[in-house]
Amino acid sequence: MRAWLTPERPTEPEIVADPAERRAIKIELAIVFTVTLGLSGARSLLSLVDSLLQPVPLSQQAVALNVPQANADLIDLLKQLLSAAQLFAWGALGVYLLWRAGIRPRMVGLDRTGPGRDLLTGAGLAALIGIPGLGLYFLAYHLGANLAVLPSTLDDTWWRPIALIISAAANAWAEEVLVVGYLITRLRQLGLRENTSLLFSAVLRGSYHLYQGFGGFLGNLVMGLVFGRVWQRTNRLVPLVVAHTLLDVVAFVGYALLRGRISWLP
């Protein structure tokens with residue numbers, strides 16, 4: 001365990017001192033997160049405000065994550081896959097911009113070294129975050145601080161589990177690459193302290209989950225603090241993608257299979 005937490009950042013990027021380059025990094029960050037998860041955070045905040053303005057409490061409102069996007073079955077499947085493709089492209093954009101800056105994927109922990117270790121670490125992180133996170137969600141929901149989150153309302157089709165698994169992987173890839181590997185690396189180049197960079201990353205992660213309610217924000221803030229610190233200590237991004245994928249697969253597919261069969265599920 002001690003070795004697992006040993007910092008491994010021999011190729012950590014140097015702080016950028018040139019004013020023009022620093023300005024370019026700031027502009028790049030603004031553009032990337034306006035196009036991707038930062039804009040999602042702003043929309044999520046507005047969704048929460050709109051929910052708070054409703055005449056019924058948050059716990060009597062619901063929000064669905066994976067919803068039908070078309071009436072025709074085949075078109076619905078294709079649109080689900082296109083939504084996932086967009087998320088994969090967001091993550092790829094972060095990797096590409098780092099690569100253009102001379103930061104190779106292996107330098108942020110995206111490589112195939114130690115796949116067994118990465119899988120085990122990812123599974124451990126999923127258990128560490130998933131079980132308390134589920135408890136926090138139900139606590140917030142019953143306290144009236146969270147909406148009822150419906151992970152999937154897709155029809156019972158042959159492709160539903162496939163689409164949900166792909167969606168889970170796409171969400172994990174986009175979020176962990178952009179919010180952890182890309183963002184914290186860029187903030188390091190700007191000279192921000194590790195704890196400050198970690199807090200920025202975690203707050204951003206929580207912000208685009210505000211549409212779920214205050215519990216969604218808090219739970220994802222904590223997840224961001226844990227995942228970000230693990231990456232800062234190990235410099236391995238693959239386990240975070242694995243853990244996030246497992247969490248979403250269990251939530252999306254598990255809910256789809258159990259909905260209507262368990263009384264306490266919304």
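List of remarks:
- Listed options for Cα extents along the principal axes in Å are (1) 72, 42, 34; (2) 55, 42, 39; (3) 56, 44, 27. The value calculated from this structure is the one marked (2).
- Note on Gln69/Arg112: beta-carbon distance plugged into 1/(1 + (r/R0)^6) with R0 of 35 Å gives a FRET efficiency of 0.55.
- Residue among His142, His244, His209 with the largest mean-square fluctuation in a Gaussian network model of the chain, springs linking Cα atoms under 10 Å: His142
- Each stretch of four or more DSSP H residues adds -39500 (n - 2.57); spread over every residue of the chain, this sum gives -21500 deg cm²/dmol at 222 nm.
- 3J(HN,Hα) from dihedral phi, the stretch 44-51, Karplus parametrisation 6.51/-1.76/1.60, rounded to Hz, x for glycine, proline: 5, 4, 5, 5, 5, 4, 4, 5
- Charge dipole (the stretch 19-258, unit charges on Cβ, about Cα centre) - positive-most of Ala101, Leu237, Ser47: Ala101
- Between Leu134 and Phe88, the modelled labels are 2.9 nm apart [label points 7 Å from Cα along Cα→Cβ].
- If the segment from Leu81 to Arg23 were pulled out straight at 0.36 nm per residue, it would be longer than the present Cα-Cα gap by 17.3 nm.
- FRET efficiency, Val56 to Leu257 (Cβ-Cβ, R0 35 Å, nearest 0.05): 0.75
- Normalised by the number of residues in the chain, the mean separation of alpha-carbon contacts (under 8 Å, six or more apart) gives a relative contact order of 34 percent.
- Distances between placed amide hydrogens fall under 5 Å for Ser152 paired with Leu65, Asn66, all partners being 5 or more residues away or on another chain.
- Volume per residue that the Cα convex hull of the stretch 1-127 spans, once the total is divided by residue count, Å³: 218
- Local electrostatic count at Leu190 - Lys and Arg +1, Asp and Glu -1, tallied over other residues with Cβ under 12 Å: +2
- ³J(HN,Hα) computed for each position of the stretch 158-175 - Karplus, 6.51 cos²θ - 1.76 cosθ + 1.60, integer Hz, glycine/proline x: 5, 8, 4, x, 5, 5, 5, 5, 5, 4, 4, 5, 5, 4, 4, 4, 4, 5
Throughout, read-outs are computed from the coordinates displayed, never taken from laboratory work. This is a predicted model, so every value here is computed, not measured. A quick note on method: Cβ atoms are made from the backbone with ideal geometry, for glycine too, and the neighbour counts reach across all protein chains shown.
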